[in-house]
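For reference, the structure is listed below as structure tokens.
The values are calculated or read from the model by the stated rules, or taken from the named source; none is laboratory data. It should be emphasised that the depicted structure is a prediction, and the values quoted were computed from it without experimental measurement. A quick note on method: Cβ atoms are made from the backbone with ideal geometry, for glycine too, and the neighbour counts reach across all protein chains shown.
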Amino acid sequence: MSNSDNPKYGADFQKQVQQYFVNKYGPGFELEMKIPIGEPPKDHKFDIVNSDLGIVIECKRYTWTVTGNVPSAKMGFTNEAVFYLRFLPDKYVKYIVMLKAHHPKRQESLAEYYYRMNRHLLGAVKVAEYDPVSNELSVLTSLE
């Protein structure tokens, strides 16, 4: 798999997560929806939004490196997504949904690692991991 394939895999993952939420909550989950954030407000595009239910989701399809190291730059992009989600009003339920990714050298999934290392930054943002094979979503935060 080359890096040029990553956008396609990310978009496929986003659609799988969207379908999971549609199956759980019903229709209305839109891809790439803009919501104004900040002061003065400026539109920001979020991965999945259900305005009626007030749910906003950012998807991250990241894995451990081949050698089992942390993909540090990608964790930075995840923190950036949390940053944008935290600008949304409290009326929204906010999720970071990560791919369920394990490595033989690691005792935890990448999402579990991310939550453990960054929970102090999350506020009300929920971290979840989605397994596309089993179609299961696990919320890692105690906010669910």
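Quick one: would you say Gly123 is modelled with pLDDT under 95, more than 14 Å from the chain's Cα centre (by Cα) and either aliphatic (A, V, I, L, M) or more than 26 Å from Gln19 (Cβ to Cβ) (or both)? The answer is yes for Gly123. Considered as a group, the residues in the stretch 64-85 that are assigned to a helix (DSSP H, G or I) and aromatic (Phe, Trp, Tyr) include one that is nearest to Gly38 (Cα to Cα), and that residue is Tyr84. Of all the criteria given as (1) charged (D, E, K, R); (2) assigned to a helix (DSSP H, G or I); (3) more than 18 Å from Val125 (Cα to Cα), the one not satisfied by Glu112 is (3).
Applying the selection to the stretch 95-108, what residues are at pLDDT below 95 and touching a Ser or Thr at 6+ places or on another chain (Cβ under 9 Å)? Listed by number, the residues that qualify are Ala101, His102, His103, Lys105.
In this structure, Glu129 does not satisfy being assigned to a strand (DSSP E or B), of a type outside the set (A, V, I, L, M) and surrounded by fewer than 15 Cβ atoms within 10 Å (Cβ to Cβ).
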